[in-house]
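Below is one structure, written out as structure tokens, with a few remarks after it.
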Amino acid sequence: MAPPAGQIRPGRYLAFFVAIVAVLYALVFFTGDGKAKPKLGIDLQGGTRVALTARTTSGDPSKESLNLAREIIETRVNGTGVSGAEVVLDGNNIVITVPGENGERAKDLGQTAQLRFRPVLQAIPAGPLQQEQTTPPTSGAPTSGAPTSGAAPTSAPPSAGAPTSSAAPQGRPAPAKAAQPTSQPPAPTTSAAPPSGTEQPPAQLPTTEACTNYSKLLADPKAEKGAVITAAKTCRQDPKIAPSKGADGAEVPADQSVQLAALSTLSCGPGNKDPLVGNDDPTQPVATCDQDGNEKFILGPSFLEGKEISNATAQVDQGGVGYVVSLSFTGTGADIWSKYTAAHVKERAAFVLDTAVVSAPTIQGVINGDTQITGGEGGFKSSEANKLASVLKFGSLPLSFDASEAETVSPTLGLSSMKAGLLAGGIGLLLVFVYSLFYYRLLGVLMILSLALSGLIVFAVLVLLGRWVGFTLDLAGIAGFIVAIGITADSFVIFFERLKDEIREGRSFRSAVPKAWVRARRTILSADAVQFLAAAVLYVLAVGQVKGFAFTLGMSTVLDLVVVFLVTHPLVAMASKSKLLSNSKLSGLGAVQRPVARKAAPVAGAAAAKEV
């Protein structure tokens, strides 16, 4: 038979709570890394946080575009080599969090990258420019000479589209849709040696006023970023570095001096930040490097945008060794690519991401469908092919972003913040403990024990949330927990004050507990429901760190109900059944019970006299 309303079996409730705690801590110690340590935010452990806000010309960006941008930026963050970095979507914002001291590069990861296809007008090895390369490159027409070895000089000018080595990546039709046989002759090789009979030029490299100014600004650490970008465009995107047509329609060759001046300003290799990243003009030629820093290029205006790539995958080369990268284009992109490859067989086309050349394969034939990029002799390695496929497929951000927030916190400051937060929480708990002991005595002890058990279960949940969903505890979250201390204590106060009301009505401690619980339970549920609803609304509407405050406040409210129902009420019920613990001097209910006893004494005396 079920017990009367308010009557419970305390042992069962406490056993159920112990089982919950046991399961939680089993998951803490036997899953993941097994460390009982919550994941801390950058304001507690130090690091960098950057919030990027999507910039659109009309309306809000689509969810698909935001998710794609988040995936691309996450790939870039992981590419920085730091561990523990996070990229999360927060409304129309993308928040990048990099813990530790390696997060400075995160501030540049949200720049709008554009993947473009540009013709290769000239390619030379990176490093000091050699004056032997004074023969003007052709305007893009394929060479008619027979292929030569990489070491021998040629008697004809080097082709503008020729690769610099026989191992250059090759572009060919995919086997399923090949328009021509893929067995093409080796691509011609340009040579650094001067053509025979050519007079050796002076040792001084040619320069221009624009490139001289650009070089000075690059060397000046105090130079304004806008001035550097403007100078870079003027020097490295000078129209004279590419062939053009004059007013009469006649061919105007590239100015070799302007080309060399632009190339001389390039410092290739990892770690060299290009000021033109995100700022280059696709309608103008550009002087740039490849991503590995091995080659310098003069590239023509963009003829195809990366958004026209529909898919890119890394595959084993069925017709050779190593791996290849297969590209699929959209309908418009396939048409443009087919026409371009038909007009530029045996020339190189550069795939350019953030102004850096990702790959510059030689076009082996007319390509009317899917395209394969090979790695030259030996093909690509698996890691190289997968990286290139990822860049080609996800290289361009579909949206432009503004850095709406950028914050860097040193580890020392983070440690100080954590100590301050823990100190504030400790002071809050101490005040609650002192108040509860002074006002409630034994009931105050039960309140303290309930708060301690609440902290135990909150800690385990924090560790597991950080491990499973990446939740990080920051200062705002600690503030939410400190506020929740008052909310949890308020639930106990409601129960205890209702208990006093029942005793004032003449009930004993033992009989008052079930009655008080039935009435207090409704109030506790209503108050916590309102509190949780407020936290949920705040979480949905807030951005940034305020979300952490709302989340911890809502989570603490839910756990408050668990503790009140499974711990506090059973403990009070057990105390009411104990002769020692129900003593009015210990329970803290003596001030309420004494007036009731005095009122009951005359009534009892009158009843006895009447009986006599």
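Charged side chains reduced to their Cβ positions (Lys and Arg at +1, Asp and Glu at -1) give the stretch 458-589 a dipole of some 640 debye around its Cα centre.
Size descriptors for the stretch 281-331 (Cα atoms only): Rg and Dmax, in that order, 14.7, 38 Å. Need one word for the stretch 523-589: rounded, prolate or oblate. Basis is the Cα gyration tensor (sqrt eigenvalues a ≥ b ≥ c); a/c below 1.5 gives rounded, then a/b vs b/c decides. Verdict is prolate for the stretch 523-589. For Thr31 and Glu251, the difference between the fully extended length at 0.36 nm per residue and the C-alpha to C-alpha distance is 72.2 nm. When Ser417, Ser511, Ser328 are sorted by how many other C-beta atoms sit within 10 angstrom of their C-beta, beginning with the fewest, the order is Ser511, Ser328, Ser417. Just so you know, the Rg over Rh for the stretch 222-364 is 1.00, from Cα atoms, with Rh as the Kirkwood radius.
Every Cα-Cα pair of the stretch 238-294 was included, and the share exceeding 17 Å stands at 49 percent. Label sites at Val483 and Ala227, each approximated as a point 7 angstrom past Cα along Cα to Cβ, lie 4.8 nm apart. Taken over the stretch 478-576, the percentage of Cα pairs per 5 Å bin, counting from 0 up to the bin with the maximum distance, is 2, 14, 22, 20, 14, 11, 8, 5, 3, 1, 0. For the stretch 291-362 versus the stretch 468-541, the inter-centroid distance based on Cα atoms is 63 Å.
The calculated FRET efficiency for the pair Asp90 and Leu456, based on their C-beta separation and a Förster distance of 25 Å, comes to about 0.20. Pairs from the list Lys240/Lys273; Lys245/Lys387; Lys222/Lys419; Lys225/Lys307; Lys225/Lys339 with a Cα-Cα gap above 31 Å: Lys245/Lys387; Lys222/Lys419; Lys225/Lys339.
FYI, it's all coordinate maths here, none of it is from the lab. In this text the structure is predicted, and so the values were computed from the model without any measurement. As a convention, Cβ positions derive from the backbone with ideal geometry for all residues, glycine included, and neighbour counts pool all protein chains shown.
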